[in-house]
Amino acid sequence: MPSGEISFANPDLLQPVRGDALWAVIADYQKANPNVKMVKVDPPYAQFTQVIDTQFGAGGGPDIFTGDVGAVAKYFKSGLLVALDDVFPAGTLNSTADAGKVNGVLYGVPFQTVNYALIWNKSLIAKAGIESPPKTFDELLADAKQCKEKLGVIGFAGRSQMNEMDGWWTDFNAWVQGFGGAMAKDGKLTLNAPENIAAVTAFKQMYDSGAFSVGDDASTFRLKFGQGQVCFAIENSASANIATTNTAGHLAPDNLGVSKTPFPTTGYAVIPQMLLVNKHSKNLDAVKAFLKWFYAKPQQQRIAEIEAPAVLGTDTPPSADYMTAHPWAAGYMDLPKTGTGKSNVVPGFEAQTPQIEKIFLTAFSKVLTENASPTDALNAAQSQAQSEIGG
């Protein structure tokens, strides 16, 4: 019989409504196993990695914690992860588990994979005289300006500040993928690829348009979107969920529009979120027993309702009732039918992704705030990255 404490770290637990619902599922493990106490660890997203790393540095850290593909590479290299093939035999998980493997061994269990898409407030764009959502960047830019000029609201919202570096890097990947870019190819860094320069140039145009949410952090502009003060954004499905469930009815589910990003290619951004197990856990048997329980069908069905339209690691779809109540969800779930999703982790440089992220966004920030040339800024970033990292 499992016993002892199991600490579970996930910044999603801080999210209104969804965080409470997620924790309710996790905490229910205690009902079937009264000798186990589940302990919530929920540093804010912006500080999550720093807090976890500090705890690891002191020889501690949570038993179970979330991370992306880069985190799997990083913590594996540091010898901090537990192999989990004995918990999840072949066939238990779907293909999203491949992102959590190192040398064919499972270290990261797919919790959810969320997609990025263009979202908009249907009633706002109608009031602005916009008949249909944009299908190109030029249309998006024009529509955002039209919303601002006619309604006085924010035309387009997004992250753009270094104090939200991790989130900005993750969100901007939607632009990189949509323009067909990449930070590395065939084992070589490509920060200054023409497609990346095009993505930065387009973002700069939106930033300077007068319709952009300059100065707003994600919490602020997401709240404004949910309250009907923003026309367009490029967001992940989790944020879209929040906008329709935590805004006191300001944004009804049938008032949210979703489509692929209006960029030149069908590429789109994804966030694969994995559950990782700390090798220094003092309660590994109980942790593994919890994971078996958590990935069983009853719990996964509950998680599907909470995290939808994210893709779970067990191919558990949300119910028909959910899809009826959330008509916008299909826009996210249909993306894999026509496009290819990629994460913000730099292929071939997984463990160095945080370093590349800082170099790239520092250069990007100069484009936005100092009017540096996108080409010059990314050329300088490429040279710095090659000098510091190689490749």
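In region 331-391, with Lys and Arg counted as +1 and Asp and Glu as -1 at Cβ, which of these residues, ALA372, GLN384, PRO354, has the Cα nearest the positive end of the dipole, that is, farthest along it?
Value: PRO354.
Assuming a viscosity of 1.002 mPa s and a temperature of 20 °C, what translational diffusion coefficient in µm² per second does Stokes-Einstein assign to region 102-195, Rh being the Kirkwood radius over Cα pairs?
Rounded to a whole number, D works out at 131 µm²/s.
Using the crude model of +1 on Lys and Arg Cβ and -1 on Asp and Glu Cβ, and no other charge, please compute the dipole size for region 270-312 relative to its Cα centre, in debye to 20.
220 debye
Determine the distance separating the Cα centre of region 34-63 from the Cα centre of region 73-99; give it in Å without decimals.
Going from one Cα centre to the other spans 19 Å.
About the Cα centre, and with charges only on the beta carbon of Lys, Arg (+1) and Asp, Glu (-1), how big is the dipole of the chain? Nearest 20 debye, please.
220 debye
Taking 0.36 nm per residue of separation and subtracting the Cα-Cα distance, what length does fully extending ALA83 through LYS297 add?
Full extension of this stretch gives 74.8 nm more.
Once phi is turned into θ = phi - 60°, what whole-Hz ³J(HN,Hα) does the Karplus curve with 6.51, -1.76 and 1.60 give for every residue of region 291-302, x standing for Gly and Pro?
4, 4, 5, 5, 8, 6, 3, x, 6, 5, 5, 5
Per residue, how much space in cubic angstrom lies within the convex hull of the C-alpha atoms of the chain?
Dividing the Cα hull volume of the chain by its residue count gives 133 Å³.
Compare the peptides 145-153, 286-294, 7-15 by average per-residue count of other Cβ atoms within 10 angstrom and give them in order, highest first.
Working: 145-153: 16.8, 286-294: 18.9, 7-15: 20.6.
Ranked from most to least packed, the peptides come out as 7-15, 286-294, 145-153.
What nm value, rounded to one decimal, do you get for the distance between LEU284 and THR338 when each label is placed 7 Å out toward the C-beta?
Placing both labels 7 Å along Cα→Cβ, they lie 4.8 nm apart.
For a Förster distance of 45 Å, can you work out the FRET efficiency between the beta-carbons of SER3 and ALA142, rounded to the nearest 0.05?
Efficiency for this residue pair is about 0.15.
Which listed residue (PHE203, GLY152, LEU14) has the Cα farthest towards the positive end of the charge dipole for the chain, taking +1 on Lys and Arg C-beta and -1 on Asp and Glu C-beta about the Cα centre?
About the Cα centre, the residue reaching furthest to the positive side is LEU14.
Once you place label points 7 Å from the Cα toward the Cβ at ASP321 and ASN103, how far apart are they in nm?
4.8 nm
For every other residue with a beta carbon closer than 10 angstrom to the beta carbon of ALA46, add +1 if it is Lys or Arg and -1 if Asp or Glu, then tell me the sum.
Here the charged neighbours net out to -3.
Could you please report the charge total around ARG18, scoring K, R as +1 and D, E as -1 over all other residues with beta-carbon less than 9 angstrom from its beta-carbon?
Local net charge: -3.
Pull up the DSSP beta bridges for the chain and report the antiparallel fraction as a percent, rounded to 5.
Of all bridge pairs located within the chain, approximately 65 percent are antiparallel.
Which one, ALA128, GLY57, ALA73, projects farthest toward the positive side of the charge dipole computed for region 44-151 from Cβ point charges (K/R +1, D/E -1)?
ALA128
Which of LYS122/LYS150; LYS292/LYS337; LYS148/LYS337; LYS204/LYS342; LYS31/LYS74 have a Cα-Cα distance over 27 Å? Please report the intermediate quantities before stating the final value.
Values: LYS122/LYS150 15 Å; LYS292/LYS337 30 Å; LYS148/LYS337 34 Å; LYS204/LYS342 23 Å; LYS31/LYS74 35 Å.
From the list (LYS122/LYS150; LYS292/LYS337; LYS148/LYS337; LYS204/LYS342; LYS31/LYS74), the Cα-Cα distance tops 27 Å for LYS292/LYS337; LYS148/LYS337; LYS31/LYS74.
Explain nothing, just the number: dipole magnitude of region 58-133 about its Cα centre with +1 on each Lys and Arg Cβ and -1 on each Asp and Glu Cβ, in debye rounded to the nearest 20.
For region 58-133, the charge dipole is close to 300 debye.
Could you check the simple spin-label distance between ASP254 and SER387, using points 7 Å along Cα→Cβ, in nm with one decimal?
5.9 nm
For the chain, what is the mean residue ellipticity at 222 nm derived from helices alone (per DSSP H run of n ≥ 4: -39500 (n - 2.57); sum divided by total residues; nearest 500 deg cm²/dmol)?
Taking each H run of at least 4 residues, the total per residue is -13000 deg cm²/dmol.
Any read-out appearing in this document is the output of simple, stated calculations on the displayed coordinates, not a laboratory observation. Everything quoted here is computed from the prediction, not taken from an experiment. Positions of Cβ are backbone-derived with ideal geometry, glycine not excepted, and every protein chain shown enters the neighbour counts.
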